[in-house]
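The values are calculated or read from the model by the stated rules, or taken from the named source; none is laboratory data. Quantities reported herein were computed from a predicted structural model and do not represent experimental measurements. For neighbour counting, all protein chains shown are included, and Cβ atoms are generated from backbone atoms with ideal geometry for every residue, glycine included.
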Amino acid sequence: MKTKACFVALLLIAFTQISRSQVLITTTVPDSITYWEKTNALGLDINQISFVNWSVGGNNSVTILGKANFTRKYVRKNVNWLNELILKYGFNSQEGQETRKTDDQVQFNSTFGYRKDTLSNWYYSAKFNFQTQFANGYAYPNTTKEISGPFAPAYIFLGVGSEYIRKDLGLTAYFSPLTDKTTLVLNQDLADAGAFGVDKAVRDADGNIITHGKRSRTEVGILVTNNIKRQVFKNIMLDNRITLYTDYLNNFGNIDVNWQLQLDMTVNQYVKANIGTNIIYDDDVKATKEVNGTVVQVGPKIQLKQMLGVGLSYTF
């Protein structure tokens, strides 16, 4: 009897020790693994002013600007691939005149980078950039003859180079010693006039066209870009972009400049204010002026656009 009791006791002790040594391990497997980061931002700025019996006078007007920004970024180990689509279109309706365009932009950027190791900030990169607009542009008040339009112009940049990325500073700098720049002017009237640097039409002494103007122009040169996007103050985001380009064959050292600066100020989750400016200098874009009733070209000039808006914004 004593032997049986001792045997049962030993079994209970052994079972207790085994139970204590067991460890329950639970592993949670994610539904999916993705290396893509995405951001979608939609905005609508509205500015309206109206007058009733206003003694000093004024015109009723409404200005509307729609904006969209879609970003897709792939980051995995040594690969960094950024894609960005920027869309803008705005118009102004003022009492006593036709509706006029105020802003118009279609821009797509794609940069693919590869680095040797995960510690380096330098990438071997290839960059593609496309820019055009949605609608015709006019030299108001003249609305009978457009001075620009969809794919007139359109700019395409394609090149290879090196990119420096500092996520902690919000800094991206890109240098390409070999970039192809293609200018498209698919409106034949504008191409015949030699707009935006394409070869204009050949005409006889009476002004009749012998050979139509070319609708494209290709250049090869050096491209340098810099982008700083970071929070500078509480609820204030800075987006500074500058692009510099010079052609090897056509006046090397004559630099085309496109500088965009914007401050986005967050009021709350859905309301934002923004201040921006855009400076462009392109030696191939000739300014015009009217002399004795005739429009003549006067050469390239600095182009300046300033923006101030308050409106709704939704990011998802």
Checklist outcome for this item: Restricting region 118-148 to residues that are among the polar types (S, T, N, Q) and without any contact (Cβ under 8 Å) to a residue 12 or more places away in the chain, the one nearest to Tyr174 (Cα to Cα) turns out to be Ser120
Item to check | Residue match in region 163-173 (condition: at pLDDT below 95, charged (D, E, K, R), out of contact with any strand residue (DSSP E or B) (no Cβ under 7 Å at 6 or more places or on another chain) and within 30 Å of His212 (Cα to Cα)) | outcome: no
Item to check | Residue selected from region 267-290 under the condition crowded, with 16+ Cβ neighbours inside 10 Å and in contact with a Ser or Thr (Cβ under 8 Å, 6 or more places away or on another chain), by the criterion modelled with the lowest pLDDT | outcome: Asp284
Checklist entry - Any idea which of (1) modelled with pLDDT under 90; (2) surrounded by 15 or more Cβ atoms within 10 Å (Cβ to Cβ) is the one Glu98 doesn't satisfy? => result (2)
Next on the checklist: Checking the structure you have, find out if any residue of region 226-249 is within 22 Å of Gln303 (Cβ to Cβ), in contact with a strand residue (DSSP E or B) (Cβ under 7 Å, 6 or more places away or on another chain) and exposed (fewer than 13 other Cβ atoms within 10 Å of the Cβ).
Outcome noted: no
